[in-house]
Every structure is written in C-alpha cells, then in structure tokens.
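K.L.:
Can you keep this structure in mind? I'll have questions shortly.
The values are calculated or read from the model by the stated rules, or taken from the named source; none is laboratory data. Quantities reported herein were computed from a predicted structural model and do not represent experimental measurements. Note that we place each Cβ from the backbone using ideal geometry, even for glycine, and neighbour counts take in every protein chain shown. We work out accessible area using only protein heavy atoms, side chains counted, and drop any ligands, DNA or RNA first. Shrake-Rupley method; radii C 1.70, N 1.55, O 1.52, S 1.80 Å.
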Amino acid sequence: MECAQKKLQEILAKCQQENIDLLKNESIQNFLGEHKKSTSRKEKWFKFLIITSLLTYAMNYYFSELQSRRCTFQMPTLMRYAFRPPENCAFCENVDAIERVSNITPEEFERRYAYSARPVIVEDATKNWTALEKFDYWYFHDVYDNAQRRDKILDCQFLPYKTGFRDIFEALDMPESRVEYFQNNNRAQGREEKPWYFGWSNCNPETAEEFRRHYGRPYFLSETSENNNVDWFFIGTAGLGAHMHIDNVRLPSWQAQLSGRKRWLLAPPPECYFKCKSFDAVVNKGDIIVLDTNKWYHQTFVQPGEISLTIGAEYD
C-alpha cells in the first residue's frame, strides 16, 4: 500500500507540473459524488484514481513528447482521437474556403497563413522544380531498386492504405501492365486493373539526397524556415486517396502536387462543428497546399486522369 501511495504521489506531482487538475475532471467529480458515502468502495476509488492518473499522464506525454519519435507500439487510432486535446475554434471560425494565391512574398505568407492554420493553395510554387518532369512510379522504382541500404529504408514509415502492400519495395514491384494502365489512362483495351494508392516517408539519407536534387524549400517560406528532415510521398490512381483523419505531427506542413489532381475535403474537429464549416478544393499539378493537419480533419480523392503524385514536408 505504501508503494502504491508513493507512486500515486509521483503521478499527481507530474500532473501538477503539466497543469492537469484531476479533481476538476467531470467524470471524477461524478464518481466522487456517487461513492463518497461508501466506505466499502474506498479501495476501488483509489484504484480508479491511479488508473485515471496514469492514463491522463500517458496521454499528455504522448501528445507532448512522443509524436515525433519512432515507437515500438503505435497507439490505436481511436484512442488517439478520443484523447486528442480540444482545439480553440478561433482558428476555423471565419474560414469557409481554401484561398488560392500566387507570387506571394515570404513576409505576407508568414503574416497571413504560416502559423494561423488558415489553409491556402499557392499556385506557382513548383515552377522551377525538375521533380514535375522527373518523378513518376518508375523513377522511384529504379531509385529504391538500386539503393544500397535496403534495411534502413524499411525503417521508414509506410502507409499501404487499402492496397495490402507490406512495404515500399513490394509497392514498387507491381507488374508494368498494372502501372501503365493507369499511367496512360488507357481503358479502351477492355480490361480492368486493380487501382492502388500508398504513401511513405523518406527518412533514409541515401534516397533523400537523390530526391532533393529535384525540389527544394518552397519560395514562399522564409529563408530561416527549415523543413523537417523527413519528407512524405503519396502516389496512386483515380478513385482512391487517404481516409478522413487528423495527424499527430509537430508542425504545419505543405504538400506539392507533382502530377495528377487531388481533391481535398477539410472538416473542423468535432468540438468546432457548430462554429466552423467543412469545404473542399481541387489541387492541380504544380500547386502546393499548405495547412495544419493537426487541426483540420482531411480526406483526399485522386481525380480522374493521370496518376497522382504528391510530396510534402513539415516546416517551422
């Protein structure tokens, strides 16, 4: 019992440091009100308080410390959503569309969009990138096929969505007929190929050096702004895309459309449903969409036509 009390004191002290007041929690207050006259349930209450304290501390630690680290076990999506800290709805109250801009200065971008969580599409941000002509499915196939440290590449996160691919090497090993069917948008031959869509993080220095020869920091970001060391790629065919979700990353991010078109659906978090609106926009080849994916729920739909390819990164 003394050991349990000591542990509880440590947990409560940590909660106090993190400005977490357990006694103000509505569920705990209700529990105390129901059981304050029952001496037989004191031990149950004590156990309940320990569990609640541990859970509260764990969630706070997750959102403040572990989001940017590679973990042995991933927190289930429903748990992440259930214990996500509520947002101040001021970020979305007066937003009812994604604005489109071009030729915007870094100063204006920082003042209006960079850290306001107001989504924006910059229409001329990739005009000097060779990635628009260089990158396609077969380019990535060759780069990864010739990579020296394949084991390190497998350490990078891979998102199979509903394709069933186990890793990036399997995803980049599709039959040519399946890729070319969608790449050429050739449906006149009377056959149907299974669509596909997947994403991956480029955390491997070897491949990152190769890829970054063909794109750079978007011109609207300040020269003092730095991208996260990890870039993200998403590639896939019409009709597919990412499900509705919210991210758990450290910073706002940009995503450049290098080929194809993608429709983005943005929705406010549940606590802001009655104050903010949902809306959508199509991001075309050459556009960059900028938004805070930690605040906006988002879903994407690859549009008919050529294969969609996007690259994204966080920025500070």
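K.L.:
Can you tell me which residues in the stretch 128-161 are farther than 24 Å from Tyr297 by Cβ, within 25 Å of the chain's Cα centre (by Cα) and not in a helix (DSSP H, G or I)?
P.N.:
Trp129, Phe135, Asp136, Leu154, Asp155, Cys156, listed by residue number.
K.L.:
For residues in the stretch 129-144 being free of Cβ contacts under 8 Å to residues at least 40 places away in the same chain and not charged (D, E, K, R), which is least open to solvent (accessible area, probe 1.4 Å)? Quick ask: steps written out before the conclusion?
P.N.:
Taking the stretch 129-144 and keeping what is free of Cβ contacts under 8 Å to residues at least 40 places away in the same chain, we get 133, 139, 141-142.
Now drop any that are not not charged (D, E, K, R), which leaves 139, 141.
Working: Tyr139: 24, His141: 47 Å².
Looking at residues that are free of Cβ contacts under 8 Å to residues at least 40 places away in the same chain and not charged (D, E, K, R), I get Tyr139.
K.L.:
Then there's this: Scan the stretch 145-171 for residues that are in contact with a Gly (Cβ under 9 Å, 6 or more places away or on another chain), within 19 Å of Glu206 (Cβ to Cβ) and open to solvent by less than 40 Å² (accessible area, probe 1.4 Å) and jot them down.
P.N.:
Phe158
K.L.:
For the stretch 69-128, enumerate the residues that are under 24 Å from Thr310 (Cα atoms), at pLDDT 80 or above and open to solvent by 90 Å² or more (accessible area, probe 1.4 Å).
P.N.:
Selection gives Arg100, Asn103, Glu110, Tyr115, Lys127, Asn128.
K.L.:
Ok, one more. Within the stretch 213-252, restricting attention to residues that are basic (Lys, Arg) and either open to solvent by less than 20 Å² (accessible area, probe 1.4 Å) or in contact with a strand residue (DSSP E or B) (Cβ under 8 Å, 6 or more places away or on another chain) (or both), which residue is modelled with the highest pLDDT?
P.N.:
Just the residues of the stretch 213-252 that are basic (Lys, Arg), to begin with: 213, 217, 250.
Applying the additional criterion that residues be either open to solvent by less than 20 Å² (accessible area, probe 1.4 Å) or in contact with a strand residue (DSSP E or B) (Cβ under 8 Å, 6 or more places away or on another chain) (or both) yields 217, 250.
Numbers: Arg217: 92, Arg250: 81.
The residue in question is Arg217.
K.L.:
Look at Asp280 and say whether it is open to solvent by less than 30 Å² (accessible area, probe 1.4 Å) and either of a type in the set (Gly, Ala, Ser) or more than 26 Å from Tyr137 (Cα to Cα) (or both). Lay out the reasoning, then the answer.
P.N.:
Values: open to solvent by less than 30 Å² (accessible area, probe 1.4 Å): no; either of a type in the set (Gly, Ala, Ser) or more than 26 Å from Tyr137 (Cα to Cα) (or both): yes.
For Asp280, the condition - open to solvent by less than 30 Å² (accessible area, probe 1.4 Å) and either of a type in the set (Gly, Ala, Ser) or more than 26 Å from Tyr137 (Cα to Cα) (or both) - is not met.
Okay, residues lined up against (1) at pLDDT 95 or above; (2) over 18 Å from Tyr113 (Cα atoms); (3) surrounded by 17 or more Cβ atoms within 10 Å (Cβ to Cβ):
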position	(1), (2), (3)
Trp254	yes, no, yes
Leu258	yes, yes, yes
Arg263	yes, yes, no
Tyr297	yes, no, yes
